[in-house]
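> I'd like to ask you about the structure that follows.
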Amino acid sequence: MHLGSTLTGVGFWLGTLLPVAYLPIFVSGIDSMTRLGLFVGLVTVNVIALAIGQDYSPDCDRTRGRV
């Protein structure tokens, strides 16, 4: 597996699973600048991860290692 495909896979899975981290923020409420900043930061990281991982294909990773 190449570094590019590894980075794409990590970006895909981070972008997919990161929204779970939004739940505690929503449950506790966005009532301060600190929590708002945390939420905006998480959304920003999520968007970047989705952009990096948009070309991820699990089939490509499985077939590259086989001869």
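> On the given criteria, is P19 under 30 Å from D59 (Cβ atoms) and out of contact with any Lys or Arg (no Cβ under 9 Å at 6 or more places or on another chain)?
yes
> Here's a follow-up. Taking only region 23-43 into account, find how many residues are exposed (fewer than 10 other Cβ atoms within 10 Å of the Cβ) and within 29 Å of D55 (Cα to Cα).
Total satisfying the criteria: 1.
> With the checklist (1) of a type outside the set (K, R); (2) open to solvent by less than 80 Å² (accessible area, probe 1.4 Å); (3) modelled with pLDDT of 95 or more in hand, flag the one item Y56 doesn't pass.
Result: Y56 passes all but (3).
> If you don't mind, there's one more thing I want to ask. Which one of these does N46 not meet: (1) modelled with pLDDT of 95 or more; (2) loosely packed, with under 14 Cβ neighbours inside 10 Å?
Failed condition: (2).
> Related question: Just the residues that are open to solvent by 100 Å² or more (accessible area, probe 1.4 Å) and free of Cβ contacts under 8 Å to residues at least 24 places away in the same chain, please, taken from region 3-22.
Correct list: L3, L17.
The values are calculated or read from the model by the stated rules, or taken from the named source; none is laboratory data. Computed from a predicted model, the values in this text were never measured in an experiment. Please note: Cβ atoms are built from the backbone with ideal geometry, for glycine as well, and neighbour counts cover all protein chains shown. The protein model used for the area step is the full one, side chains on, heavy atoms only, and it has no ligands, DNA or RNA in it. Shrake-Rupley method; radii C 1.70, N 1.55, O 1.52, S 1.80 Å.
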